[in-house]
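Structure first, commentary second.
The values are calculated or read from the model by the stated rules, or taken from the named source; none is laboratory data. Bear in mind that the values here come from a model prediction, so they are computed numbers and not experimental data. Here Cβ is always computed from backbone atoms with ideal geometry, including for glycine, and neighbour counts include all displayed protein chains.
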Amino acid sequence: MFDIITFGSAVVDIFVNTDVKDKGKFLLYTIGSKILIEDLRFKIGGGGTNTAVAFSRLHFKTGYIGKLDADFGGQKILDLLKDEKIEFLGKIENTKTLGGYSIILDSKDKDRTILTYKGINDSIKLSDVKSSEIKTRWIYFSSLLGESFKTQEKLAKILYKKGVKIAFNPSEYLIERENVKELLKICEILVLNHEEARMLTNEKNLLEGLRKLGPKIVVITNKDKEVIAFDGGEKYSLIPHKLKVVERTGAGDAFASGFVAGQIAGKSIDESLKLGLEESESVIRHQGAKIGLIRRNLIR
């Protein structure tokens, strides 16, 4: 029996550091120019593996569902899962189809733009997942599109009937392209940022509007501003600390997994918010989505 299984993307993150600075809300690369790369690093990312590592480092028995290629990227991801004591429950695609890759363009001002190629991440079928053999207390869904999102929906309904609790962290592009309302109806915890929340409800009170869609607990982050949560009865909030940011990739995954981990461990919403914030603030002090994730026995 797993404590939690994550179902989401697995990608090779390619970090590209240049001397380009932010200009307003943009990173500007001049057409026809040749820009020197100051630093180039390869790390494993993706919402599915980021959160799986976070849960495993907190001593939860963790599984990961995804689809990997049989080439360089897939093997690197399998090695990471093994090192982090995470059981792979997905499928290895023995074709020339490329896996997922992200190019993270970091600026001098410590912000970034991410170019993501999903590859086979969005082609997971229900037949790729041995749903009848899955035994878990929780399942965590991060954003996948197309066939993979349909599989998430189908698996969610199967597991929900078995009493499995569902956590969901949809992205802006998922909300734009797919109908997430059916999944929200059976969701225990919904974690998303302020912009994503606005895309799901027009109600003035975001928390109440989102909770009417089905989730029992709603959590909204807003970068460096107040984090708020709502369980239908009480509103909870927390203010992030002012920190020196090295790189923001994976901060959202870290926060969401920390909050969900707190709930799995039986902690209060206040305590879970603090754990989520601790995870995200640790991650942004490092380059990469996993280096700063906390190692702690949360189930003692």
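Kindly provide the set of residues from the stretch 236-294 that are small (Gly, Ala, Ser), surrounded by fewer than 17 Cβ atoms within 10 Å (Cβ to Cβ) and within 13 Å of VAL219 (Cα to Cα), ordered by number.
Once the filter is applied, which keeps residues that are small (Gly, Ala, Ser), surrounded by fewer than 17 Cβ atoms within 10 Å (Cβ to Cβ) and within 13 Å of VAL219 (Cα to Cα), the stretch 236-294 yields only SER237.
When you scan the stretch 158-165, do you find a residue that is under 25 Å from VAL191 (Cα atoms), in contact (Cβ under 8 Å) with a residue 12 or more places away in the chain and within 16 Å of the chain's Cα centre (by Cα), even just one?
No; the residues of the stretch 158-165 include none that is under 25 Å from VAL191 (Cα atoms), in contact (Cβ under 8 Å) with a residue 12 or more places away in the chain and within 16 Å of the chain's Cα centre (by Cα).
Kindly establish whether LYS267 is part of a loop (DSSP other than H, G, I, E, B) and at pLDDT 95 or above.
Yes; evaluated as a whole, the condition is true for this residue.
Identify, please: which residue in the stretch 1-55 is surrounded by fewer than 22 Cβ atoms within 10 Å (Cβ to Cβ), of a type in the set (Asp, Glu) and at pLDDT 80 or above and is, among those, nearest to ARG248 (Cα to Cα)?
ASP39
Could you please find all residues in the stretch 173-204 being among the aliphatic types (A, V, I, L, M) and either farther than 15 Å from PHE141 by Cβ or touching a Leu at 6+ places or on another chain (Cβ under 8 Å) (or both)?
Scanning the stretch 173-204 gives LEU174, ILE175, VAL180, LEU184, LEU190, LEU192, ALA197, MET199, LEU200.
Please enumerate the residues belonging to the stretch 178-192 that are surrounded by fewer than 19 Cβ atoms within 10 Å (Cβ to Cβ) and either within 15 Å of ALA229 (Cα to Cα) or free of Cβ contacts under 8 Å to residues at least 24 places away in the same chain (or both).
Within the stretch 178-192, ASN179, GLU188 qualify.
Answer yes or no: is there a residue in the stretch 113-135 that is within 26 Å of GLY266 (Cβ to Cβ), of a type in the set (A, V, I, L, M, F, W, C) and in contact (Cβ under 8 Å) with a residue 24 or more places away in the chain.
Yes - at least one qualifying residue is present in the stretch 113-135.
Examine the stretch 229-242 for a residue that is farther than 16 Å from GLY47 by Cβ, touching a Ser or Thr at 6+ places or on another chain (Cβ under 9 Å) and aliphatic (A, V, I, L, M), and state whether such a residue exists.
Residues of the stretch 229-242 that are farther than 16 Å from GLY47 by Cβ, as a first pass: 229-242.
Going one step further and asking which of them are touching a Ser or Thr at 6+ places or on another chain (Cβ under 9 Å), we end up with 229, 236, 240.
Imposing the further condition that a residue be aliphatic (A, V, I, L, M) reduces the set to 229.
Within the stretch 229-242, one or more residues are farther than 16 Å from GLY47 by Cβ, touching a Ser or Thr at 6+ places or on another chain (Cβ under 9 Å) and aliphatic (A, V, I, L, M).
Among the strands (runs of 3 or more DSSP E) contained in the stretch 101-200, which hold 1 or more residues that are modelled with pLDDT of 95 or more and in contact with a strand residue (DSSP E or B) (Cβ under 6 Å, 6 or more places away or on another chain)? Let's see the steps before the verdict.
Working: elements: 112-117, 136-142, 165-169, 189-193.
In the stretch 101-200, the matching strands (runs of 3 or more DSSP E) lie at 136-142, 165-169, 189-193.
Go through the stretch 233-258 and report how many residues are free of Cβ contacts under 8 Å to residues at least 40 places away in the same chain and aliphatic (A, V, I, L, M).
3
Looking at (1) in contact with a Leu (Cβ under 7 Å, 6 or more places away or on another chain); (2) at pLDDT 95 or above; (3) over 15 Å from VAL191 (Cα atoms); (4) not β-branched (Val, Ile, Thr), which is the one condition that is false for LYS274?
Here LYS274 meets the rest and fails (3).
For the stretch 123-158, give me the residue count where each residue is within 19 Å of MET1 (Cβ to Cβ) and small (Gly, Ala, Ser).
3
Kindly evaluate GLU203 against the criterion of being among the charged types (D, E, K, R), free of Cβ contacts under 8 Å to residues at least 60 places away in the same chain and within 22 Å of PHE55 (Cα to Cα).
Considered against the rule, which asks whether it is among the charged types (D, E, K, R), free of Cβ contacts under 8 Å to residues at least 60 places away in the same chain and within 22 Å of PHE55 (Cα to Cα), GLU203 comes out as no.
Between residues in the stretch 276-293 that are more than 17 Å from PHE55 (Cα to Cα) and residues that are in a helix (DSSP H, G or I), which pairs lie under 9 Å by C-beta distance while being six or more apart or on different chains?
So the pair list comes out as ILE284/ALA251; ILE284/ALA254.
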